[in-house]
Amino acid sequence: MAENIPEHIKKEIEKLVKELNYHCYRYYVLDSPVISDEEYDRLYRHLKELEDEYHYVLPDSPTRRVGAPPLDKFEKVKHTEPMLSLDNAFSYDEVIEFDKRIKRFLGSGEVIEYTVEPKYDGLAIELTYKNGLLSRASTRGDGYEGEDVTQNIKTVKSVPLKIEGVPGIPGEIDVRGEVYMDIEDFERLNREKEQKGEPLFANPRNAAAGSVRQLDPSITASRKLHLACYGVGFVKGIEFKNQWELIKWLEKARFPIPPIVRLVKGIDKVIEAVKEIEEKQRNFPFETDGTVIKVNDFGLQRALGIKTREPRWAIAYKFPAHQGTTNIRQIIPSVGRTGVITPVAMLEPVRIGGVTVSRSTLHNWDEIERKDIKIGDTVVVERAGDVIPHVITVIKEKRTGREKPFPVPEKCPVCGSKVVREEGEVAVRCIGLNCLAQVQEKIKHFASRGAMDIEGLGEKNVELLYSKGLIHNFIDIYKLKKEDLLNLPRFAEKSAQNLIDAIETSKSTTLARFLYALGILHVGEYAAKLLAKNFEKLEDLYKISPEEIMKIPQMGEKTSRSVSDFFNDTENLHTLKTLKSMGLKITNPDFEGEVKGERPLEGLTIVITGTLPKPRNEVEEMIAIYGGHAATSVSKNTDYVVVGDNPGLKLKKAREFEVKTISYDDLLKLIEHRT
Ligand code: IVH
């Protein structure tokens with residue numbers, strides 16, 4: 001059929017394929033696109049239409065990346081050159097020993113040139129190109145024979161379908177590299193799996209391997225996989241003198257290569273490069289487990305040869321494993337300043353990477369259930385970088401039957417209030433108003449400007465009064481006497497009187513302010529105002545049910561439940577009644593008497609960047625209350641980006657996607673205008 005296609009159509013298809021592949025490379029390899037996603041999609045659709053109409057699909061057409069049907073099984077593939085493994089070095093001494101061994105073997109004292117590269121923790125892949133076209137992709141398998149995963153690997157956008165950008169395309173070349181998944185994408189994938197109730201991947205390497213070894217290529221396509229190339233196997237029609245030249249060639253031929261490759265002379269410089277990579281890999285978005293040190297010169301590599309499975313010319317220096325095995329003596333619930341309760345494992349002290357570890361966060365109860373952690377268990381603990389140590393896994397074989405599960409506490413271990421666990425959320429919280437773990441934060445919020453507005457009761461003074469035992473709850477504020485203050489270092493006659501006056505003045509307030517001041521979960525200024533519009537008196541909220549609150553159309557389920565929980569807690573009601581008996585006067589100018597349900601932002605997706613006149617969570621709450629969706633990242637589905645001071649990358653993204661940008665004032669106008 002190709003014969004009947006008009007020449008200009010062929011030319012156009014060829015041009016589109018070339019263009020699209022170039023943009024794909026700019027986006028996925030260089031991470032620096034020069035056209036918008038919409039423009040790319042437009043070109044892609046145009047190509048697809050032409051291909052469908054004329055049944056003319058070039059072998060490197062980007063449309064070939066998708067749409068292959070699922071397989072029954074993978075075909076076996078014999079590697080022309082075996083894919084070797086690497087010897088490990090666990091200390092710098094062993095690296096120095098490696099250099100000595102090489103010199104001994106070569107019988108020469110000459111200083112050797114090495115390359116140092118990150119060691120990717122992914123899945124090794126061989127890409128076979130014939131006359132520049134990708135003809136097959138295979139897994140490493142046992143090193144001699146792997147599996148044909150061509151259709152899956154084609155969905156990885158940074159894999160070139162054709163070798164371009166270099167003169168003299170080799171007749172055949174087996175490019176080798178690692179397919180991997182970024183840590184963030186691995187975590188996102190696991191969160192999605194968790195929601196669907198599917199088993200989770202243990203680490204990014206398993207996630208990458210699981211995604212490649214998939215019989216259905218559409219699943220592979222849905223995973224965010226990357227490639228980094230670091231070597232070749234069989235080659236015909238091109239010669240490389242050394243590893244450095246090879247890496248530079250791969251880079252030029254549009255293959256993705258590691259972000260750092262160092263070429264150094266002598267083993268001291270090798271160790272410097274290893275240290276540099278160890279330092280920098282902390283900021284890599286993917287996991288590495290060490291560096292690979294290779295003799296640069298391919299002639300020397302050949303002279304050194306292979307032992308049985310590992311070459312003599314390379315070694316993997318493994319970063320020290322910050323892991324240890326120990327026993328969980330006890331699990332204690334720890335209440336944070338916001339009321340979130342975190343289970344913490346108290347460990348039999350163990351030394352990991354030079355530090356004694358005796359406690360480890362278990363994050364939340366979902367994590368406890370998922371990893372099946374019990375008191376008395378033997379566990380593997382990891383300390384990565386400077387982060388808090390965490391339990392990796394339970395060694396089930398060591399169980400004696402005497403281990404005890406640790407259920408979610410029914411009451412807050414600090415104040416005894418009710419504990420709630422919201423649906424769809426992993427966090428477990430204490431809702432007690434007077435919980436000592438949270439009380440300082442609660443008092444600071446209570447006294448703040450938009451709340452009870454008690455001038456002179458800012459952060460510093462709350463901390464001082466709390467530490468002197470003068471305030472433990474809201475009620476204590478109204479019991480304060482001038483004499484109490486005069487005994488304190490920060491107060492003199494005048495400042496003490498001013499604070500007492502400010503406290504007195506704050507007794508007259510509005511329902512909206514007071515509700516906001518209570519710091520009820522999910523109730524910011526706007527939700528508080530909404531409640532005040534719909535409920536005349538504070539007492540109308542006592543013992544309220546979530547359903548009654550949900551009658552207000554703008555009120556979501558989460559907020560309604562949280563308000564209801566708050567006003568059904570006996571301790572909380574006692575506090576409110578006491579405050580009123582102490583002379584608190586609450587008026588309600590906002591009350592409207594009837595339920596109003598305007599949703600001026602209905603259907604709009606809005607993203608915030610930079611600093612706005614109001615805290616971000618409040619603006620997001622306002623957006624939600626008026627029916628909009630406050631998203632965290634910009635996409636082509638975003639309707640508006642609200643830009644504050646010092647905007648971040650999201651502003652750049654907004655321009656890229658041609659999303660409308662507005663100011664905070666514009667947002668307020670938008671709400672007003674649409675009501
Ligand atoms: S070179 C003989 N370079 O490590 C040369 N391998 O333990 C072996 N790997 O199967 C390959 N990053 O999957 C090389 N920069 C790198 C690497 C690397 C990760 C993996 C590869 C290999 C395994 C050997």
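Data table
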| quantity | calculated |
| --- | --- |
| Low-density loop positions, trypsin sites (Lys or Arg not before Pro), segment 289-393 - DSSP coil, at most 15 other Cβ in 10 Å | Lys307, Arg309, Arg337 |
| Full-extension gain in nm, Val380 to His8, via 0.36 nm per residue minus C-alpha separation | 127.5 nm |
| Amide proton proximity set for Ile392, modelled H, under 5 Å, gap of 5+ | Val380, Val381, Glu382 |
| Cβ-derived FRET efficiency at R0 35 Å, Glu348 paired with Glu571, nearest 0.05 | 0.40 |
| Positive-end extreme of charge dipole, segment 531-643 - chosen from Gly603, Pro613, Leu576 (charges on Cβ) | Pro613 |
| Cysteines without a disulfide-compatible partner [the chain; Cβ-Cβ under 4.7 Å] | Cys24, Cys229 |
| C-alpha long axis of helix 183-196 to longest principal axis of the chain, angle in ° | 60 degrees |
| Inter-label distance for Arg599 and Lys224, nm, one decimal - labels placed 7 Å from Cα along Cα-to-Cβ | 3.0 nm |
| By average C-beta atoms within 10 angstrom, highest first, the peptides 394-403, 182-191, 605-614 | 605-614, 182-191, 394-403 |
| When segment 220-302 is reduced to its Cα atoms, the Kirkwood hydrodynamic radius in Å | 14.7 Å |
| In sequence order, calculated HN-Hα J values of segment 79-92 (Karplus, 6.51, -1.76, 1.60; Hz; x Gly/Pro) | 6, 4, 10, x, 8, 7, 10, 10, 6, 10, 10, 10, 8, 5 |
| Cα radius of gyration and Dmax for segment 1-121 (Å) | 24.4, 68 |
| Table column - 3J(HN,Hα) (Hz), segment 436-451, Karplus curve with 6.51, -1.76, 1.60, x for Gly and Pro | 4, 5, 10, 5, 4, 5, 5, 5, 4, 5, 4, 7, 5, 3, x, 9 |
| Residue-span extension gain [Glu164 to Tyr144] - 0.36 nm each, minus C-alpha spacing | 4.3 nm |
| Rounded tilt (10° steps) of 664-674 against the dominant C-alpha axis of the chain | 70 degrees |
| Measure of compaction for segment 504-575 (Cα Rg per 2.2 N^0.38 Å) | 1.03 |
| Cα-only Debye scattering, segment 444-486: base-10 log of I(q)/I(0) at q = 0.15 Å⁻¹ | -0.32 |
| Other-chain or far-sequence residues with amide H under 5 Å of Ile375's (modelled H) | Lys404, Phe406 |
| Charged-residue dipole, Cβ positions (Lys, Arg, Asp, Glu), the chain about Cα centre, Debye nearest 20 | 1300 debye |
| Residue pairs, from the table Lys580/Lys614; Lys442/Lys652; Lys103/Lys318; Lys551/Lys636; Lys18/Lys252, whose Cα atoms sit over 26 Å apart | Lys580/Lys614; Lys442/Lys652; Lys551/Lys636 |
| Segment Glu592-Glu425, extension gain: residue separation times 0.36 nm, minus the distance between their alpha carbons | 56.8 nm |
| Dimensions (Å) - segment 32-76, Cα atoms, principal axes, largest first | 40, 31, 15 |
| Distance in nm between pseudo-label sites at Ile96 and Lys537 (7 Å out along the Cβ direction from Cα) | 8.4 nm |
| Of every Cα-Cα pair in the chain, the percent that sits beyond 42 Å | 46 percent |
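Throughout, read-outs are computed from the coordinates displayed, never taken from laboratory work. Note that the structure is predicted; figures quoted are calculated from it, not measured. Neighbour counts run over all protein chains shown; Cβ positions are idealised from the backbone, glycine included.
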